[in-house]
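No value in this document is a laboratory result; all are computed from the given coordinates. Nothing here was measured: the structure is a model prediction, and the numbers come from that model. Using ideal geometry, Cβ is built from the backbone for each residue, glycine included, and neighbour counts are taken over all protein chains shown.
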């Protein structure tokens, strides 16, 4: 897809943990339908939230 120069604010040094995820591509017709579906967005958000909670629980113990 080439290289695009832009304001890469997400790549600047930070003290907070962060993760960049690509959960689908709008250029893929099947993934676009999945991404655009509100119910699937809610499922995805729930799975991601559960994963973050489990990560914090494991980090604490």
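Order these peptides, 15-22, 53-60, by their mean beta-carbon neighbour count within 10 angstrom, highest first.
Values: 15-22: 5.9, 53-60: 9.0.
The densest-packed peptide leads the list: 53-60, 15-22.
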Q) To the nearest 0.05, what FRET efficiency results for residue 53 and residue 18 with a Förster distance of 25 Å applied to their C-beta separation? A) 0.90
